[in-house]
Structure formats: C-alpha cells, structure tokens
Amino acid sequence: MIIKKAGEGLKAKDARLFTLNLSPALKSFADLDTPNPGIDAIWREEAQERWQAYKAGELKTVSYEAVMQKYL
C-alpha cells in the first residue's frame with residue numbers, strides 16, 4: 001500500500017498521520033438507520049396527503065412501463 005510505505009520509518013506519533021479514522025463517518029451512517037419520530041411523522045403526513053390527492057384525481061400518474069422506457 002502506498003500509505004503504509006509512506007509511513008514506514010516514522011515514529012508512532014507521526015505514523016498516526018497516515019491512519020484513516022473512519023469513526024465519524026461510520027457514526028454518521030449509523031445515525032441514518034436510527035428511527036426519528038419527528039421525521040417519521042412528517043413523512044406519514046406527506047404520504048397521507050399524496051394518497052388523498054391521488055384518490056381525488058388531483059395527481060398526474062405515470063405507468064410503470066412509461067417509467068421503465070424512460071430510464072432503461
């Protein structure tokens with residue numbers, strides 16, 4: 001590895017400069033999986049409003065086939 005070769009021969013405290021700390025990133029990803037009741041309530045309300053609009057004929061719909069033709 002390039003990083004290992006670049007860090008060879010350094011004192012322990014200097015070698016830490018070449019160590020990648022993924023803890024903050026991993027914590028951020030873990031936070032994405034943690035339920036948030038406030039956000040869940042907002043999405044629940046949004047989904048209900050969209051369903052009501054769909055049932056009332058207020059939303060334009062697109063067939064599955066049309067979507068697949070556009071993106072495949």
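Numbers for the structure displayed
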| quantity | calculated |
| --- | --- |
| Every pair of residues 6+ apart whose Cβ atoms lie under 9 Å, when the first sits in the range 47-65 and is hydroxyl-bearing (Ser, Thr, Tyr) while the second is surrounded by 10 or more Cβ atoms within 10 Å (Cβ to Cβ) and not in a loop (DSSP other than H, G, I, E, B) | THR61/TYR54 |
| Among residues of the range 30-54, those that are surrounded by fewer than 10 Cβ atoms within 10 Å (Cβ to Cβ) and not in a loop (DSSP other than H, G, I, E, B), counted | 6 |
| One residue from ASP40, ASP31 being at pLDDT below 90 and out of contact with any helix residue (DSSP H, G or I) (no Cβ under 9 Å at 6 or more places or on another chain) | ASP31 |
| Scan of the range 55-72 for residues that are surrounded by 10 or more Cβ atoms within 10 Å (Cβ to Cβ) and β-branched (Val, Ile, Thr), ordered by number | VAL67 |
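The values are calculated or read from the model by the stated rules, or taken from the named source; none is laboratory data. Here the structure is a predicted model, which is why all the values come from computation and not from measurement. Reconstructed Cβ throughout: ideal geometry from the backbone, glycine too, with neighbour counts over all protein chains shown.
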